[in-house]
Amino acid sequence: MSEPLLSVQDLHVHFRGRRNVARAVEGVSYEVREGETVCIVGESGCGKTVSALSILGILPVPPAEIPEGRILFQGKDLLRMDPETLRGIRGNRLSMVFQEPMTSLNPVFKIGDQLREAVLAHRPMEEKALEERCVSLLRDVGISSSAERLQDYPHQLSGGQRQRVMIAMALACDPALVIADEPTTALDVTIQVQILNLFRDLQREKGLSLLYITHDLGVVAQIADRIYVMYAGIIAEQGTARQIFHEPRHPYTMGLLASLPSRMRRGASLHNVPGAVPDPAQKPPGCPFHPRCPAAEASCTRGLPGLCDWGEDHLARCPVTCADPDKEVWP
Amino acid sequence: MPDPVEHAAVAEQEYQAPEAPRRTRLQEAWDRLSENRLALAGLAVFVLFFGVAVAGLVLTSGVDPVLDPAQIRLQEKLRPPLSRPHTELLTAEEAPALGVYLFGTDDLGRDVFARMLQGSWVSLTVGFVAVGISVLLGILMGGIAGYFGDRIVRTDRFLAVFLAGAGVVVMTAGSQALGIAILAGAVAWIALGSRIPRSAVLGGVSLDTLIMRFVDIMLCFPSFFLILTVVALLPASIYNIMIVIGLTSWMGAARFVRAEFLSLREQDFVTAARALGVGDWRIIFRHMIPNAVAPVLVSATIGIATAILTEAGLSFLGFGVPPPHATWGNILSDGKRFIFDAPWLTFVPGTAILIVVLSFNLFGEGLRDVLNPKLRER
Amino acid sequence: MLSFIGRSVIQKAVTLFFVSVLSFLIIHLAPGEPSQVDPLNPKFTPEMVERFRKAFHLDEPLHAQYLHFYSSLLTGDLISWKDNRPVLLKIWERFLNSLPLFVVGTLITWTLSFPVGIRSAIQRGGVYDRTATFLSYLLISIPGFFFAYILIILVVSRFHVPVIGMETFGMAEAALPRMFMDRVWHLLLPSVLSASGGIAILSRYVRSQMLEVEGQDYVRTARAKGLPEEQVHYRHALRNALLPFVTMFGLILPGLIGGSVIIESIFSWPGMGRMAYEAILARDYPVILTVNFLSAVLVLAGTFVSDVLYMVVDPRIRL
């Protein structure tokens, strides 16, 4: 097995507030291998975006601090790299697409200028070549009459088109890995499908690796090769798409899947996981999920549980299900 | 196998799941404010100032006050601060109550400390009343413009009202007959005007446009100049000053309130209230004003600071509150003649004004940070 | 665009009309008249008062006075009641005096506020930011007169240069460089004084605009593209943060007819502010009303220029 393209190892990210410390990410490890699509699933506030921002190195560093961890990209530790080298990688070999297309483009510059900037940041080019590249980038992301669109301002484009432009900017320098942070959450469902298909096509054509962050299990089901389920700053479970959807082993994952409205249970009341995601500054001791977990035991409050190996790289951080695989957690 | 129920209970005891915060909005705002030390300091100084002003009022007013600001002692003029009085030159009545001239004396031998105390109450009053007037006016104008702004005022009605006002003015200025004629004509037009269909007339302007144009008109006047003009032309009195400052500084508050009302009006809770049949005025007072009050509060705090500075400026030019009332601006202005001989006459009130105004500004800015949800830290 | 300009001009003209009426009314509602018999002046007999009143139409009804007044203003015939000179001429002379003060003050304000505000925003919370913030608060809280005297004492005792008035008496005879330096010294202190408040306010505003923009998503995108920090701040953030300030350019216009009375009094600078003040004292209505009128014209022109500039600069607004 060759080395993974991206390997986040034991990452810890804290936010220092005036009176307390918010532990947004605590000992998270995940990796993306070449050509695969990895999804990180979790509710808002579980730390998935924070971990992505720390990969790129664009966390606001005075309130944020990274006390521990390594982020290896193509073998080099991004956290210990000097800023200039990191900048050379950012947007170049490694890029990101954000959640809010409506506000992610600078309103006073034309689309073409912003796209050109993305290319020129890492690849000095002549005017003509640059122009051609921008046109072809827009075409690749499915924007018709791309040459004219280059002269438009962001407010003249729809949300879906703006997101496509963001994707084009992310692809400007042929990155090896694209991180997509909930790119379709702010868009209509029909546009969502189009963007997802776009990602899939691009990945196939260009051999991209994709780290896709989302809270939508439906999306995950469509595109993921491997999945990491995050909760309150830790990885609750990880495995292939098949393993996670057919044999979830962590009570949280089970709860999430059970909450999906399904045709077979029409008429029954919707399942939900009671309680709420904990405040990162006031996390419960031990397993962060135990207050909401029907299978919680006393040992769950003492220290973070270790990972239980279910074979074939399927891991879950729950000793209770580890000890009793047939236990029915959610009745 | 351990009993899951028992252990879930154990888990519960050790950790309370987070619930919705039980602090009120006020407590939350106070917590945030207390993190900004400068703003807290500003608030502290403000409270201190208020206390000093009240104490000053009590101590220096009445026929035989504890600290007499008006006591003239020509034999003791221009004594420096913290100097002991020459008791051999003074009668028992004339001696300062504290046994020392805390801030020295001025050119008439008056105790500067006593005058400062008296002046603090006046400065406070000028600031608060002027700002009170401007805030009330601002909320009124801005609220009407924001909430009722869509109502159209017929042009002819509006012109008729204007003519009526002109008629009144003409009457008071001497030409009685002409004035009465204009006024009568205008009133008749307003009374009969509803018979005429709107289309037959020049159309209408929206109430919002009307009020905003009025704001624009007021903004065309250079404010200090306007205040100076009015104060110079009217007989000098503390009330005139307060009213004039108030009447010329409501425009900012009006704009804020209008902007807030315009956005609040579209929000769901207003629509819900309307759907429930709640009357307009109740909606405005109970629902909208509490929400719109935040920027007004900030501008009011800073407005008090500006009013105190304006009064000082007016006093410097000789148009401030007339003697024998002491205001800090007065004392400062009187002291300019003795700037080299008796610098304390300038420095004491100047520094006092500086500290009070600074504290108001800091508190106002702190309020702004606290009340602005966009600037909240994590 | 043209229809916008047309509508705007008409609106502003209407506003101007109302301003003129309102200021006229304010002046004339004040008790007392300029032509009252002055008890200290024996030559001011009741006959003279009568002649005075007739000459200045003070016995006619208000609306007639209004028409007389504004028609003479617009034709330039308006005469000051204080010294019988044409009002526009008086204003022009004083304007020329105030102009260097205004120009230097505005230049100082605008050239200093932006670097200070921008740096404060980029290094938010740092030493520079906190110092600049503290100084700003200090500058807007200090009574002008107090601050002026502190500065005068400092400058006079340190540099031994005269600062009162526009030039030192007798300097007109001296060599050009000396005269120039003398003028500069006299100009410096009042300009700095009038700029101080402006710098405090403007730099705070620049800072808050910059901070707001820096928190926007598109700045994060710029960083994510791998752009160097200078480009992120000075190209992406600044361009957006500066938008409102371009429009503020237009609002400098009213300052032309301004002129702080206080500063001019302290420095004995024969400028517009003092002229207006003296006019108020002498109840010289023509001068007062003309100054008001011109100020209103400049405010309206200024807002008009601001609106147009805003349209030019922000691509989201195209009328």
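Sort out which residues of the stretch B:267-305 are more than 14 Å from chain C (Cβ to nearest Cβ) and either touching a strand residue (DSSP E or B) at 6+ places or on another chain (Cβ under 9 Å) or crowded, with 21+ Cβ neighbours inside 10 Å (or both), and write them in order of number. Once the filter is applied, which keeps residues that are more than 14 Å from chain C (Cβ to nearest Cβ) and either touching a strand residue (DSSP E or B) at 6+ places or on another chain (Cβ under 9 Å) or crowded, with 21+ Cβ neighbours inside 10 Å (or both), the stretch B:267-305 yields B:I284, B:M288, B:A292, B:V296, B:A300.
Could you list, in sequence order, all residues of the stretch A:278-295 that are more than 7 Å from chain B (Cβ to nearest Cβ) and under 24 Å from the mean Cα position of the chain (by Cα)? Hits for the stretch A:278-295 are A:P280, A:A281, A:K283, A:C287, A:P288, A:F289. None of A:Q243, A:Q222 is touching a Leu at 6+ places or on another chain (Cβ under 9 Å), of a type outside the set (G, A, S) and closer than 30 Å to A:R204 by Cβ except A:Q222. Any residue at all in the stretch B:306-328 that is at pLDDT 85 or above, surrounded by 20 or more Cβ atoms within 10 Å (Cβ to Cβ) and more than 11 Å from every other protein chain (Cβ to nearest Cβ)? Checked against the condition, which is being at pLDDT 85 or above, surrounded by 20 or more Cβ atoms within 10 Å (Cβ to Cβ) and more than 11 Å from every other protein chain (Cβ to nearest Cβ), the stretch B:306-328 yields at least one hit. Considering the stretch C:240-299, and only residues there that are under 28 Å from C:Y149 (Cβ atoms) and of a type in the set (S, T, Y), the residue that is farthest from the other protein chains (Cβ to nearest Cβ) turns out to be C:S268. Among the residues here, A:R90 qualifies as over 30 Å from A:Q282 (Cβ atoms) and of a type in the set (D, E, K, R). Selection within the stretch A:158-180: residues that are small (G, A, S) and without any contact (Cβ under 8 Å) to a residue 60 or more places away in the chain. The member of this set that is nearest to the other protein chains (Cβ to nearest Cβ) is A:A168. On the given criteria, is A:A258 within 14 Å of chain B (Cβ to nearest Cβ), surrounded by 15 or more Cβ atoms within 10 Å (Cβ to Cβ) and within 25 Å of the chain's Cα centre (by Cα)? No.
This table checks each residue for (1) in a loop (DSSP other than H, G, I, E, B); (2) free of Cβ contacts under 8 Å to residues at least 12 places away in the same chain.
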position: B:E88; (1), (2): no, yes
position: B:T91; (1), (2): yes, yes
position: B:G99; (1), (2): yes, no
position: B:F103; (1), (2): yes, no
position: B:L108; (1), (2): yes, no
position: B:L117; (1), (2): no, no
position: B:G132; (1), (2): no, no
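Just one of the listed residues (C:I91, C:I118) is assigned to a helix (DSSP H, G or I) and touching a His at 6+ places or on another chain (Cβ under 9 Å), namely C:I118. Within the stretch A:23-78, being within 14 Å of another protein chain (Cβ to nearest Cβ), outside any strand (DSSP E or B) and touching a strand residue (DSSP E or B) at 6+ places or on another chain (Cβ under 6 Å) holds for A:G47, A:T49, A:V50, A:A52, A:S54, A:I55, A:L56, A:P63, A:L78.
Scanning the stretch B:231-250 for residues that are more than 7 Å from chain C (Cβ to nearest Cβ) and either aliphatic (A, V, I, L, M) or more than 13 Å from the chain's Cα centre (by Cα) (or both) yields a count of 13. Restricting attention to the stretch C:300-313, the residues that are in contact with a Lys or Arg (Cβ under 8 Å, 6 or more places away or on another chain), at the interface with another protein chain (Cβ under 10 Å from one of its Cβ atoms) and among the hydrophobic types (A, V, I, L, M, F, W, C) total 1. Return the residues of the stretch A:140-157 that are without any contact (Cβ under 8 Å) to a residue 24 or more places away in the chain and within 29 Å of the chain's Cα centre (by Cα); say none if nothing qualifies. Correct list: A:S144, A:S146, A:Q156.
To keep it simple, each residue is scored yes or no on (1) buried (at least 21 other Cβ atoms within 10 Å of the Cβ); (2) within 13 Å of another protein chain (Cβ to nearest Cβ); (3) over 26 Å from C:V287 (Cα atoms).
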position	(1), (2), (3)
C:E93	no, no, no
C:N97	no, no, no
C:L101	yes, no, no
C:R124	no, yes, yes
C:S136	yes, yes, yes
C:I150	no, yes, yes
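Being more than 14 Å from chain C (Cβ to nearest Cβ) and of a type in the set (G, A, S) is a property that does not hold for A:A118.
The number of residues in the stretch A:79-96 that are facing chain C (nearest Cβ under 9 Å) and of a type in the set (V, I, T) comes to 1.
Close Cβ contacts (under 6 Å, 6 or more residues apart or on different chains) running from residues in the stretch B:29-58 that are basic (K, R) to residues that are at pLDDT below 85 comprise B:R32/B:V370.
If the condition is being within 37 Å of the chain's Cα centre (by Cα) and either among the charged types (D, E, K, R) or surrounded by fewer than 20 Cβ atoms within 10 Å (Cβ to Cβ) (or both), then the stretch C:207-218 contributes C:R207, C:S208, C:L211, C:E212, C:E214, C:G215, C:Q216. When you check A:S158 against the structure, is it more than 29 Å from C:M311 (Cα to Cα) and not basic (K, R), yes or no? Criteria not met by A:S158. Taking the criterion of being free of Cβ contacts under 8 Å to residues at least 60 places away in the same chain, within 14 Å of another protein chain (Cβ to nearest Cβ), in a loop (DSSP other than H, G, I, E, B) and at negative phi, the residues of the stretch A:296-324 that qualify are A:A296, A:E297, A:R302, A:P305, A:D324.
B:A312: in a helix (DSSP H, G or I) and either touching a Pro at 6+ places or on another chain (Cβ under 6 Å) or on the phi > 0 side of the Ramachandran plot (or both), yes or no? It is true that B:A312 is in a helix (DSSP H, G or I) and either touching a Pro at 6+ places or on another chain (Cβ under 6 Å) or on the phi > 0 side of the Ramachandran plot (or both). Considering the stretch A:92-153, there are no qualifying helices (runs of 4 or more DSSP H) wholly inside with 3 or more residues that are within 22 Å of A:F199 (Cα to Cα) and aromatic (F, W, Y).
Listed here are the residues, each with its yes/no results for (1) more than 15 Å from B:G99 (Cα to Cα); (2) loosely packed, with under 15 Cβ neighbours inside 10 Å.
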position	(1), (2)
B:R37	yes, yes
B:L40	yes, no
B:L48	yes, yes
B:V52	yes, no
B:V58	yes, yes
B:E76	no, no
B:R84	no, yes
B:E88	no, yes
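The values are calculated or read from the model by the stated rules, or taken from the named source; none is laboratory data. Model, not experiment: these values are computed from the prediction. Cβ sites come from the backbone with ideal geometry, for glycine too, and all protein chains shown count toward neighbours.
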